[in-house]
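Visitor: Attaching a single structure in structure tokens format; questions to follow.
The values are calculated or read from the model by the stated rules, or taken from the named source; none is laboratory data. Being a predicted model, the structure only gives us computed values, none of them experimental. When we count neighbours, we look across all protein chains shown, and the Cβ atoms used for this are built from the backbone with ideal geometry, even at glycine. The area values use the complete protein model at the heavy-atom level, side chains included, leaving out ligands, DNA and RNA. Shrake-Rupley method; radii C 1.70, N 1.55, O 1.52, S 1.80 Å.
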Amino acid sequence: MNKTITLTMLALLVSGCGKSMSRDEKDKDKPGYQEAKTFCSQCHSLPFGDQHPPAAWPDVVARMEGYMQSSKRMMPNQIQREAIITYFQNDK
Ligand code: HEC
């Protein structure tokens, strides 16, 4: 492969990144994202914050913890739960 082709491919690769950034790339450093991913994708894909108004997220998470408990999945501790709620409240 010659140098021009390699550089062209590299440019395409880099320019493509901004358009289709994965959620992992976009959110990996946001508070609570790793916790949300760990606990909230055990049964279904990770939901988006705009599915509920901020004030509703604590109740959604509490309902989900009921499911986690009855199906013996990993449960978040109190600090992790707060981080998860914060993540969804700010994921707009
Ligand atoms: C033990 C399995 C399980 C885990 C883990 C789980 N969920 Fe769910 N989730 C369900 C089930 C079952 C439903 C469908 C029934 C319902 O909506 O109550 C659902 C539905 C949902 C919905 C759509 C319904 C609605 O109220 O909007 C959202 C949003 C959601 N889950 C968020 C979460 C979040 C946030 C977490 C992490 C804290 C989580 N889930 C973890 C089982 C789970």
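Visitor: For the stretch 65-92, give me the residue count where each residue is within 11 Å of the ligand (Cβ to nearest atom), among the hydrophobic types (A, V, I, L, M, F, W, C) and open to solvent by 50 Å² or more (accessible area, probe 1.4 Å).
Guide: 2
Visitor: Report the residue count in the stretch 28-67 for those that are closer than 16 Å to Q80 by Cα, of a type in the set (S, T, Y) and in a loop (DSSP other than H, G, I, E, B).
Guide: Of the residues in the stretch 28-67, 1 are closer than 16 Å to Q80 by Cα, of a type in the set (S, T, Y) and in a loop (DSSP other than H, G, I, E, B).
Visitor: Which number in (1) near the ligand (Cβ under 10 Å from one of its atoms); (2) surrounded by 14 or more Cβ atoms within 10 Å (Cβ to Cβ) marks the one condition that D27 misses?
Guide: The one condition D27 does not meet is (1).
Visitor: Of the conditions (1) at pLDDT 95 or above; (2) assigned to a loop (DSSP other than H, G, I, E, B), M21 fails just one. Which one is it?
Guide: Answer for M21: the failing condition is (1).
Visitor: Starting from residues that are open to solvent by less than 50 Å² (accessible area, probe 1.4 Å) and within 24 Å of S22 (Cα to Cα), keep the ones in the stretch 43-60 and report whichever is nearest to the ligand (Cβ to nearest atom).
Guide: That would be P47.
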